[in-house]
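Worksheet: the structure to be examined is printed underneath.
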Amino acid sequence: METLVSRLHLQDKYKKKMSPADFLKIGPPVKQSHDTSEKDLAHTFLQRLMMLDYRARYIPVRQDNPANSVPVSDSDDFDDLFSDSVDSDESKQSHVHPVDVQMAVFHCSDSFLKQNMVTKLSQCQYALPLLVPDPVTMDIECPLWTFRQITKTWKIIQIKDSNVVTMKSMPICKAETLMVSFFRLGSLSVSKSQLMNTLINDRHSTFFHRNCKGSTKSRHLMDGVAEIAWYCPAGKPNDSFTDCIAFCNLHGDALLIEKQREILTEKSSVNVVLVPTLEKGQKSTTVIQALYKSPKPLIILIADNNRGAVPVKDGKYKMGLKDRNQSDVSEEVKEIIRKVLSGPHASFQLESMAKVSGIRVDEDDAVCQKGKSAAMKTINMLQGIEISKIKDNFLPCQGDLWHEWCRINKELYHLKGNIEKDKSQKEQQLMKIRQDQCKASYSKLMQTFTKRLLSLPPKEKEYFLKWTKTLIDALSTDDLSSILQSYDEKWTEVLTLKKKHDKSALLTSKQTELEEISKKLQSATFGLEHIFREMGQIYEAHKAVKPKSRCTDWAKYPELAADLMISGHPVELMDGDAGQVPLTWISGLLDEVIKKLGDQRVFVLSVLGVQSSGKSTMLNAMFGLQFAVSAGRCTKGAFMQLVKVSEEVKKDFKFEYVLVVDTEGLRALELAGNATLHHDNELATFVVGLGNLTLINIFGENPAEMQDVLQIVVQAFMRMKKVKLSSSCVFVHQNVTDIGAAEKNMDGKRRLQEKLDQMAQLAAKEESCDAECFSDVIAFDVQKDVKYFAQLWEGSPPMAPPNPGYSESIQELKNIILSKAKPSTGTSLSHFKSKIHDLWNALMNEQFVFSFKNTLEIAVYRRLEVQYGNWTWALRSNMLTIENQLHTRIENGNLDKVERSDLFKEMNNKYKEVEKDMTKYFEDDKDKEMLVQWRGRFENKIKEFQEELVRGVERKLDEVIQQKKACKKLDEKKPEFENKLLQKSKELAHQLKDKAKDEDELKTQFNSVWSHWVKELTADTQPIKDIKLEDDQANILNDFGFEWDCIIESKSSGKYKIISKVGNYADYVVLRKQQNTAGQNIVNQVVTLIVDAGKKVVNHLRGPLEYEDQELIRSLINNVEKQSLDAIMSKPVATRGYSSTYLQEVAKKAQETVAEFEKHKKYAFKKEFTVNLLLYVFDQAGSWLSQSHKTFTLNNDVHTYLECKKTQYFNIFRSFCKGSSSAVVFGEMICEKLKASTVEGVCNKTAIDLAGEMRCTFPAFCGNRLNLEKHLLKSLAEKEDFDAFITYIRNPKKQVEAFIEEKVNEHIFREQRDKSLNILRKNVDDISQLINQALFDATNEVKAQSGDIDMWTDEFSSFLEDNLTLDTISCQNFRGINNFDFLKEEIERGLESIKEEMKQLSLDKMKGFRLRPDQILIDQLCNCCWETCPFCAAVCTNTMKDHLPGDHSVPFHRSQSVKGWHYRNTVEMVSCFCTTNVTSDKHFLNKNTDDYVPYKIYRTAGPPYENWSITPDESKLKYWTWFVCRFQKKLEDHYGLKFTARGEIPSEWKTHTKEEAIQSLDEMYKL
């Protein structure tokens, strides 16, 4: 044994056994025959056996010593031929005997691998080890456990019942059959095993014999092994035997193997003994005598006798074998066996072996017994209960309750009437079912089963599950056999009628009968998967009801299922009985798998095919899987199983697992007629969407039979293309008769290609898509992507072995799949989980493509948006700094032109940094495969953003230059004014120096002369007048023909201020008189609503002002406002001043727009409307006009300029009075100028820094646009300010800007005041340091060059020109200064006090300067998409402006009542959400065409509808339901409508609290 194990490289496996896990993985390709070395032999044997290749029993081994290595004699002597002395290669070791390989592997396997191995040997129609001596101790073991998975099916002809064929199918351990045992006593020249093969299947070596390929003399592990095989009749006249018979073969000389011989002779019904000769006195005589005396029939076959069969006495025969034809012998033996077994005989049952003394039974192992005992306790409670009632009694959650839940859930996608009420009621019904499930969920069976799963150790748990499955299968065997037989018969009848194209009532009735049998079959089908399905339903029910107790058993169910999935068990993905994916259960399960394995990448292989086309068999053979396979019955629903990629080949793949999804058959006859097509479409779309690769399995060669399947599959691929899910496919033709004929295959491929192209065109019409051929839909090469499979069986079942060509095809297909998988990165488990949700949710809605929402893609895109915000902010903050410097230079008169190329140059370094970051993100991110689709678009957008920034700054700086030029006249006069004022101050000070100590006197004297000086200096200039906007506005309105009363009334009431927020414009319009077809006048329709029991009467104009009219008026107001503001802001007010003609132009244009709007309407506006609209526009423009005119005045009005210098010159005058030197006064003057410019510089820099700090750390500002929206909505809910809500609904951008401003103020002035002050103080320090450095450098430069005060001033200014705006410094009166060190000290002293003063600077100061943090953040955060949903006005939350062709989308859709929708010609509000509407059967009026369009295909209505992605939403959207209930009355008053009748608010909405509303925002943000 040691030598053998060593030769096979199994040394380490003899003690530490091999397990199924060693083979349930993707390994290197199976070695080809000529390529197998001895060390690979055992593994290759097992791999081939798992692939159902019966040739695994003999695998030729590569010879390392070539045959010609034997030395050849040079002698020509003929005698050498007869000599034994010629060298022979005796040293050469013979190859390992094939059965030794099999038995060595058997001994080195654990019980589960043994079981798999024996099951596969059985499928290969090989004999199975029944009694096995231990190779070391020689103890005999019966491996009963290994037989537990084997089920045999056979058919018996009942002759007395007029040849009725009865089918039997049962686990072989339970089958009670007759047994014929064969022994040989002594050594024989004939092969016992070969003879036995002719009795069972003369075409196949069921028992290995000496003449089999690969047999050698040396056989080590087979002697003493008893093998068993069963003959199963096919129910045909040429059957060898009429019933199932076991044949047992004891290998070796039975004289030496006493124990096994005794067991078999006792258990068998007939004993067959082969002897070399039959004479008394031999060793064998005693044995033969005992058998002869036994009542059991005996057949003695004598090797040296040539006579035919001779009956010696009743049931005892002898027969010669010498020189006889083997087939004659075989027929005679068969005849004898038939004869002797025709009477009553003791039958043999495998399970009885457990009671045999003196042998060890593998099932007696403690661990197996514990598993069995636990399973028995679980299954015993089912004994005696009719199989079809078990599920109802013990698994109540998956029966009617679950099916009813699925039915109602599907109805949620076909809502009618008051759809929100209907939806709310259905959701309550669903919750009620979940509660009922919770109550019913603790059946005794489930409690016992789950308790065992939770408590048993891994090995015992595995036994427990296997035993449970075995015991359950045994329960239903008899019932299922009879139902399956009647199903089979009925199916045959239906197919026969279909082939005759019989469409009579007979076919219909037969189909109905088939349907009835199918239902019966469904209720009688009971397996382990149903128990796991129940676990899933218990989990889903409890999870939905959310009980408070946390440490409950149901919460651990997903973990249990995850353990099973990881260990290689198939897990139900889709419940085929209910036609539903239990999303909550699958999510919980996959979450647990991710917890245990990590978020591994998997390659998803989906399999589709016609019912009974051998999909599961093919997958089990290909990957060693465990998908259920049973005659006439397919996988129900969809199952998934994980297969690990082994370490040896991991380097070749980019994923860790292959996840196989096996499905029930398409066109499954069991499923109800009309529902079948829809079900098939759903299933195909679902699995094609999940798969990275889809195998389409076709049975047979006739494309006509495939037509329906192909259409479904092609349509599924087309849908995937439309929702941008890429997939690939391979077609597998099974059961092809002649796979060798290349010409035939070529013709088959050509026909398949034609059929696929035809189907693609059909599907293209169905899906409204352009596709001429199948390759337009999916990358497909008919030469490479079609595989032909041989028939599975080599001959006729049930005795036929699998066709070796089949396993070759399996290996080739596996290689094709893996070669296609190599370049793929697969899918992460978390992505797979979200894909299941996305696909299923979209499938629930009939319009799959419209409804599909790729959750993971959305999440990845949102993360990209956050990065985009970071990149744009990096560019913007860099540009703000550049702009600040250039602005300062312009103000200092050092720059009079800004070149665009210079701005790009300045930004170049930062832009390269951003580009580098982008490249890194797109190439290194874990979701880079998904990100690649947006890379080009985002790179272009960043480039566009940079160009937009540059253009914007260029425009702004040009305006500053223009303003600078406009006030050139004043700038030129400033030095003159300064010199004169300095001179006059000096002179006055000289006169009053004796009064220097009397501050009040000095002030009085200075004030008395100041106005005189100003008058003198401005004698030739007129002051610029203040503007009187209100007077101008009223006069313009009056000039346009509006009465003063009307104007005054509008202004005093203040109504004009809220014209854009009005909910109902009925008060502003009057109906025109029109003629209808009958020539009758239609008078104004007035609907009077009596509210609050008659206390309040509200009049509403109804008829003309439908919702669409209200929206048009709002749109008109918005358009007039925009065009007016654009026109006003284009005027050069800041450079040339204000003129009332600007307002006149705007008013004229607005009036024309209103008149044009009215032309084709059935109503006209009252005067109040136009007056209010114009006042509103004036009001909106007012602040801009005032500010711009103020800028103009400051820059151009001499009087204003001089007035602002008064304090400065009083200080100079006071210094002179005190007798200060020129250097001291000059120093004070410089400090005064520096103080003003330092405040400006510090405030502008602090504004940029604070904006940057908030952009990076403030939760509302540091994410994407959606994040900002979430925080805004939270803020609105917390304040409960209805007016703010209305502003948000009508003008979201305005409300967002207000929110940003409010949050910035809160942050800076309250919440983070200290932090903000620290930023400000740091900037004070930075600028002070800058000034000190400039002071030091200027002083040193002047001293080095012996310069004067003019040079010092120029040097000092030039050092600060990029950072501070310095006012004109005149040196005319300070020419005498030459001690620059003293001047420097004076200025430094002054700067210290300025610095201290600056540190006490209020943050409010920032509001008065050019840059404000709130405005910077508004520019950054509001530079996004502002399109609103055409149904509910929710604003698109895409961070990128102009993001088309990407759809507009928002996760916060809302009730259409929020926007004021109502039912036509009524006052009933529309309370529905558009996300609910798109699942309903309702229609809407397309405002472009006045046609009604079903909501389900809203995109077909053209723009703006087609650019919006509105997916069906199961979430409660509690935020907007809370809003509607909280402000119901205010909404009704605002719009003049009512929540009544069809618009009634569902009662469930009223239960939603503000806290839940705010929480729902967080939940939806995670989606």
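The values are calculated or read from the model by the stated rules, or taken from the named source; none is laboratory data. Note that this is a predicted model, so its numbers are computed, not measured. Cβ: placed from backbone, ideal geometry, glycine included. Neighbour counts: every protein chain shown. The accessibility values were calculated without ligands, DNA or RNA, using every heavy atom of the protein model including side chains. Shrake-Rupley method; radii C 1.70, N 1.55, O 1.52, S 1.80 Å.
Key figures for this structure:
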| read-out | value |
| --- | --- |
| Every residue from the stretch 305-339 that is in contact (Cβ under 8 Å) with a residue 40 or more places away in the chain, outside any strand (DSSP E or B) and either open to solvent by 90 Å² or more (accessible area, probe 1.4 Å) or within 19 Å of K293 (Cα to Cα) (or both) | I337 |
| Given (1) modelled with pLDDT of 90 or more; (2) open to solvent by 10 Å² or more (accessible area, probe 1.4 Å); (3) of a type outside the set (D, E, K, R); (4) in a helix (DSSP H, G or I), number of the condition A859 does not satisfy | (1) |
| Counted residues, the stretch 1488-1520 - those being buried (at least 19 other Cβ atoms within 10 Å of the Cβ), in contact with a Ser or Thr (Cβ under 7 Å, 6 or more places away or on another chain) and without any contact (Cβ under 8 Å) to a residue 40 or more places away in the chain | 1 |
| Residue in the stretch 1220-1236 that is in a loop (DSSP other than H, G, I, E, B) and modelled with pLDDT under 90 present | yes |
| Strands (runs of 3 or more DSSP E) contained entirely in the stretch 141-250, each with at least 3 residues that are under 27 Å from I288 (Cα atoms) | 176-184, 226-231 |
| Hits in the stretch 1409-1430 (condition: assigned to a loop (DSSP other than H, G, I, E, B), farther than 30 Å from G1460 by Cα and among the hydrophobic types (A, V, I, L, M, F, W, C)) | F1409, L1411 |
| Matching entry among I1047, I1027, I1036 (being buried (at least 18 other Cβ atoms within 10 Å of the Cβ), of a type in the set (A, V, I, L, M, F, W, C), modelled with pLDDT under 90 and not in a helix (DSSP H, G or I)) | I1027 |
| The stretch 1-46, subset among the polar types (S, T, N, Q) and farther than 15 Å from P98 by Cα, residue surrounded by the fewest Cβ atoms within 10 Å (Cβ to Cβ) | T3 |
| Unique residue being among the aliphatic types (A, V, I, L, M) and closer than 17 Å to T1475 by Cα when the list is I1558, I1510 | I1510 |
| Conditions (1) surrounded by fewer than 18 Cβ atoms within 10 Å (Cβ to Cβ); (2) part of a loop (DSSP other than H, G, I, E, B); number of the one not met by L762 | (2) |
| Cross-chain or 6+ apart pairs with Cβ under 8 Å, the stretch 1317-1339 first and of a type in the set (D, E), then buried (at least 22 other Cβ atoms within 10 Å of the Cβ) | D1326/K1245 |
| Near pairs, Cβ below 7 angstrom, 6+ apart or cross-chain, from the stretch 1022-1048 (within 19 Å of D1179 (Cβ to Cβ)) to any residue that is acidic (D, E) and surrounded by fewer than 19 Cβ atoms within 10 Å (Cβ to Cβ) | C1046/E1168 |
| Given (1) under 25 Å from T617 (Cβ atoms); (2) at pLDDT 80 or above; (3) surrounded by 14 or more Cβ atoms within 10 Å (Cβ to Cβ); (4) not aliphatic (A, V, I, L, M), number of the condition K784 does not satisfy | (3) |
| Residue within the stretch 1457-1478 that is of a type outside the set (K, R), under 25 Å from the mean Cα position of the chain (by Cα), open to solvent by 10 Å² or more (accessible area, probe 1.4 Å) and within 30 Å of H837 (Cα to Cα) present | no |
| Enumeration of residues in the stretch 800-809 that are open to solvent by 10 Å² or more (accessible area, probe 1.4 Å) and either in contact with a helix residue (DSSP H, G or I) (Cβ under 7 Å, 6 or more places away or on another chain) or among the β-branched types (V, I, T) (or both) | P804 |
| Matching residues, the stretch 452-496, being of a type in the set (D, E, K, R) and touching a residue at least 60 places away in the same chain (Cβ under 8 Å) | R452, K459, E460, K461, E462, K466, D473, D478, D479, D488 |
| Residues that are open to solvent by 40 Å² or more (accessible area, probe 1.4 Å) and either outside any helix (DSSP H, G or I) or touching a helix residue (DSSP H, G or I) at 6+ places or on another chain (Cβ under 6 Å) (or both), drawn from the stretch 1352-1378 | E1355, F1359, E1361, D1362, N1363, D1367, T1368, Q1372, R1375, G1376, N1378 |
| Cβ pairs under 7 Å, 6+ apart, first in the stretch 1269-1294 and under 21 Å from E865 (Cα atoms) and part of a loop (DSSP other than H, G, I, E, B), second of a type in the set (S, T, N, Q) and open to solvent by less than 40 Å² (accessible area, probe 1.4 Å) | none |
| Filtered residue count, the stretch 267-304, keeping only those that are surrounded by 15 or more Cβ atoms within 10 Å (Cβ to Cβ), out of contact with any Leu (no Cβ under 9 Å at 6 or more places or on another chain), modelled with pLDDT of 90 or more and aliphatic (A, V, I, L, M) | 1 |
| Residue count, the stretch 524-538 (criterion: in contact with a helix residue (DSSP H, G or I) (Cβ under 8 Å, 6 or more places away or on another chain) and under 12 Å from Q398 (Cβ atoms)) | 10 |
| Criterion violated by L453 - all others in (1) in a helix (DSSP H, G or I); (2) within 18 Å of L528 (Cα to Cα); (3) open to solvent by 30 Å² or more (accessible area, probe 1.4 Å) satisfied | (3) |
| From the options Y1142, Y1176, residue that is within 20 Å of N1035 (Cα to Cα), of a type in the set (F, W, Y) and surrounded by 20 or more Cβ atoms within 10 Å (Cβ to Cβ) | Y1176 |
| For M138: the one exception among (1) surrounded by fewer than 22 Cβ atoms within 10 Å (Cβ to Cβ); (2) among the hydrophobic types (A, V, I, L, M, F, W, C); (3) in contact with a helix residue (DSSP H, G or I) (Cβ under 9 Å, 6 or more places away or on another chain) | (3) |
| Where E572 falls short, out of the listed (1) of a type in the set (D, E, K, R); (2) part of a helix (DSSP H, G or I); (3) open to solvent by less than 30 Å² (accessible area, probe 1.4 Å) | (2) |
| Test: residue in the stretch 1333-1343 that is part of a helix (DSSP H, G or I), closer than 21 Å to L982 by Cα and either open to solvent by 70 Å² or more (accessible area, probe 1.4 Å) or not hydroxyl-bearing (S, T, Y) (or both) | no |
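Here's the yes/no breakdown for (1) free of Cβ contacts under 8 Å to residues at least 40 places away in the same chain; (2) touching a Phe, Trp or Tyr at 6+ places or on another chain (Cβ under 7 Å); (3) of a type in the set (S, T, N, Q):
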{"site": "Q1420", "(1), (2), (3)": "no, yes, yes"}
{"site": "N1423", "(1), (2), (3)": "no, no, yes"}
{"site": "C1429", "(1), (2), (3)": "no, yes, no"}
{"site": "A1433", "(1), (2), (3)": "no, no, no"}
{"site": "L1444", "(1), (2), (3)": "no, no, no"}
{"site": "D1447", "(1), (2), (3)": "no, yes, no"}
{"site": "P1451", "(1), (2), (3)": "no, no, no"}
{"site": "G1460", "(1), (2), (3)": "no, yes, no"}
{"site": "T1466", "(1), (2), (3)": "no, no, yes"}
